[in-house]
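Undergrad: Structure incoming, see below.
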Amino acid sequence: MYHQAKNNFLEDKSFKGIKNFFFDEKCLWSYRPHQTNNDDGFFAHDIFLNFKPVSTSFKLLEPLLKKLGIEEEDIIQIRANLLLNKPEHKYSEFHIDCKTNEDFTTAIFYLNTCNGSTIFEKDNTEIKSEENKLLVFDGNLKHKAKSQTDTHKRIVINFNFINKEN
């Protein structure tokens with residue numbers, strides 16, 4: 001599998017619950033100075049770290065995890081990323097999300113439509129950020145984020161997990 005994008009991944013009620021949580025002004029975000037190494041900063045909301053949920057938002061993701069067939073013991077990490085708009089597109093460096101000795105899968109769930117995207121190093125394929133789209137790919141594929149210029153926020157949820165089906 002190289003990558004697979006699925007539009008309208010969740011049913012409306014589940015999707016809106018997730019989106020409303022992360023777009024609410026009460027959602028807590030932590031500033032990170034770089035997405036990768038020498039690029040622009042962003043805001044993160046850690047959801048699952050060190051083998052356990054660290055945010056109440058984890059419960060909201062149950063329909064998504066169930067549809068993906070991910071068991072809690074297979075999760076490496078889950079984090080929501082928030083990019084604020086820029087006057088021109090900015091790019092993270094090409095990267096792999098985490099280091100592990102096991103084969104893993106990365107999924108990116110897009111919470112809003114904007115002119116930001118995810119780009120793969122392999123062939124420069126660009127996946128547009130579209131509301132309720134899920135992008136799934138081999139976790140060892142290098143990719144980068146492209147910031148948006150047309151909306152105030154771009155929010156994605158990033159999943160890294162052991163996929164027992166591969």
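The values are calculated or read from the model by the stated rules, or taken from the named source; none is laboratory data. Since the model is a prediction, treat every value here as computed from it, not as a measurement. Cβ coordinates were reconstructed from backbone atoms using ideal geometry, including for glycine residues, and neighbour counts include every protein chain displayed. For accessibility, only protein heavy atoms count, side chains too; no ligands or nucleic acids. Shrake-Rupley method; radii C 1.70, N 1.55, O 1.52, S 1.80 Å.
Undergrad: Under a point spin-label approximation (7 Å from Cα along Cα-to-Cβ), what is the E131-R32 distance to one decimal in nm?
TA: With each label placed 7 Å out from Cα toward Cβ, I get 2.6 nm.
Undergrad: When the Karplus curve 6.51 cos²θ - 1.76 cosθ + 1.60 is applied with θ = phi - 60°, which whole-Hz ³J(HN,Hα) does each residue of the stretch 31-38 get, with x for Gly and Pro?
TA: Values per residue, Gly and Pro as x: 6, 10, x, 8, 6, 10, 10, 10 Hz.
Undergrad: Another question about this same structure. Assuming 0.36 nm per residue, please report the length gained on full extension of the stretch E71 to T100 beyond their Cα-Cα distance.
TA: My answer for the length gained is 8.7 nm.
Undergrad: How do the peptides 73-83, 9-19, 50-60 rank, highest first, by the average count of neighbouring beta carbon atoms within 10 Å per residue?
TA: So the order, starting with the most tightly packed, is 73-83, 9-19, 50-60.
Undergrad: Here's something else I'd like to know. Can you compute 3J(HN,Hα) from phi for each residue in the stretch 127-139, using the Karplus curve 6.51 cos²θ - 1.76 cosθ + 1.60 with θ = phi - 60°, rounded to whole Hz and x for Gly and Pro?
TA: My calculation for the stretch 127-139 gives 9, 6, 7, 10, 3, 6, 9, 10, 10, 10, 7, 4, x Hz in order.
Undergrad: While we're on this one: Once you order the gyration tensor axes a ≥ b ≥ c over the Cα atoms, which shape class does the chain get: rounded for a/c under 1.5, otherwise prolate or oblate by comparing a/b with b/c?
TA: It comes out rounded by the Cα gyration axes.
Undergrad: Follow-up. Compute the accessible area per residue over the stretch 1-94, keeping the other protein chains in place, probe 1.4 Å, unit Å².
TA: 63 Å²
Undergrad: Right, something else. Quick one: 3J(HN,Hα) in Hz for the stretch 142-148, Karplus 6.51/-1.76/1.60 with θ = phi - 60°, rounded, Gly and Pro as x.
TA: Along the stretch 142-148, the couplings run 6, 8, 9, 9, 10, 6, 9 Hz.
Undergrad: If you roll a 1.4 angstrom probe over the protein chains with everything in place, what fraction of the accessible area of the chain belongs to carbon and sulfur, to the nearest %?
TA: Carbon plus sulfur share of accessible area: 46 percent.
Undergrad: Given H placed on each backbone N at 1.01 Å, which residues far from G139 in sequence or on other chains put an amide H within less than 5 Å of it?
TA: F104, T105, T106
Undergrad: Under the 0.36 nm per residue contour assumption, what length would be gained going from the current alpha-carbon distance of V54 and K122 to full extension?
TA: 21.2 nm is the gain from fully extending V54 to K122.
Undergrad: Which order do the peptides 31-40, 124-133 come out in when sorted by mean C-beta neighbours inside 10 angstrom, highest first?
TA: 124-133, 31-40
Undergrad: How about the stretch 88-127: which trypsin sites (Lys or Arg not before Pro) there are in a DSSP loop, with at most 12 other Cβ atoms within 10 Å of their Cβ?
TA: K99
Undergrad: Next question. Of F51, N112, I70, which is farthest on the positive side of the dipole of the chain, counting Cα position, with +1 on Lys and Arg Cβ, -1 on Asp and Glu Cβ, and the Cα centre as origin?
TA: About the Cα centre, the residue reaching furthest to the positive side is N112.
Undergrad: Once the other residues with Cβ under 15 Å from the Cβ of E11 are scored (Lys, Arg +1; Asp, Glu -1), what is the net sum?
TA: Result for the neighbourhood of E11: +4.
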